[in-house]
1. Using a probe radius of 1.4 Å on heavy atoms only, what accessible surface per residue do you get for the range 182-311? Whole Å² is fine.
2. Could you work out how far apart the two model spin labels at residue 221 and residue 140 are, taking each label as a point 7 Å from the Cα in the direction of the beta carbon, and quote it in nm?
3. What per residue convex hull volume, in Å³, comes out for the range 141-189 when only alpha-carbon positions are used?
4. No solvent, one uniform scatterer per C-alpha: report log10 I(q)/I(0) for the range 77-231 via the Debye equation at q = 0.11 1/Å, two decimals.
5. Whole percent per 10 Å bin, from 0 to the bin with the longest distance: what is P(r) over all C-alpha pairs of the range 163-263?
6. Could you tell me the accessible area of residue 125 in Å² (1.4 Å probe, neighbours in place), rounded to the nearest ten?
7. Which cross-chain or sequence-distant (5 or more) residues have an amide H under 5 Å from the amide H of residue 195, H modelled 1.01 Å from N in plane?
8. If you rank 239, 223 by how much accessible surface each has, with a 1.4 Å probe, what is the order from largest down?
Amino acid sequence: MRQIFQNLGTGQVQVESVPSPTVEPGKLLIQTECSLISAGTERMLVSFGRSSLLKKIKSQPDKVRDVINKIKTEGLVSTLKAVRNKLADPIPLGYSQVGKVLAIGNGVKGFAVGDRVVSNGSHAEMVVVPQLLCAPVPTKISSQDAAFTVVGSIGLQGIRLLAPAIGESIAVMGLGLIGQLCVQILLANGCKVLAMDIDPTKVALAESFGATGLVLRSGESPLGAAQAFAGQAGMDGVLITASTPSREPILQSAEMCRQRGRIVLVGVVGLDIPRDAFYKKELTFQVSCSYGPGRYDPSYEGGGHDYPYGL
């Protein structure tokens, strides 16, 4: 079968022929109908792959300590070889896929062969996915629309953490795919939404859904626009769906929020958090993890052990 991979060392993306997967216990074998390109994540991976080795290391400071420790124990030459070998390993791309179930592994419940499902499977003709990372697609929903499910769930988890109430004023900073979905979910939740981005086209799209748009300009504070929108007290909450190494989204969010306002980060931004602004307003800040409870937990994803509803 065909599958899309990327070389993290060079950034090259290519379609490769690989053996077809076989079903495993607790998992579904799915024949792909369509999969969604996550422009932000996949563009970021391509950009990362095309950067120099030094820039790769600088862009992931959390990995620097591991590299330094490895140099100390194994030497520079051995460490560089290990890093290059790691970057040369191709990784599969994609995480929002729709298709029909071809086979069901032992222990799987609630699915049948022939069901149309959405999963976090990659860009491939066939995928094998744990049952807890799959969901049935309603008959009336097209496969193309259903392919947005996983991306939408990332935004939805951020909104759950923000806990917006009907009538509250919420700012969405960053109007890429996830940001646009968040705007629509918040509006459906009865919130007043101030949608912000540096791209006027993206702002106009958010406005077409019913949000109030704001084009962010370099060096300008959105505080005045936020107060005009929400009143002098400020925004009830801010959802950051932007991707930038700058800490400006954090600074601006703190500036815009009311006393005890909430800020949730769904995107990737600089996390140099100013204590003074958060201290004086008693702001809350939380980072949202993908689709929420269970994500990256091997017992949940691979073992099929679901969490209690309370989580």
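1. 53 Å²
2. Result for the modelled spin labels: 4.8 nm.
3. 73 Å³
4. -0.64
5. With a bin width of 10 Å, the distribution comes to 17, 56, 26, 1.
6. 70 Å²
7. Amide H to amide H, under 5 Å and 5 or more residues apart or across chains, residue 195 pairs with 172, 212, 213, 214.
8. 223, 239
The values are calculated or read from the model by the stated rules, or taken from the named source; none is laboratory data. What you see is a predicted model, and the numbers here were worked out from it, not measured in a lab. With ideal geometry, Cβ positions are generated from the backbone for all residues, glycine too; neighbour counts draw on all protein chains shown. All accessible areas refer to the heavy atoms of the entire protein, side chains included, with ligands and DNA or RNA removed. Shrake-Rupley method; radii C 1.70, N 1.55, O 1.52, S 1.80 Å.
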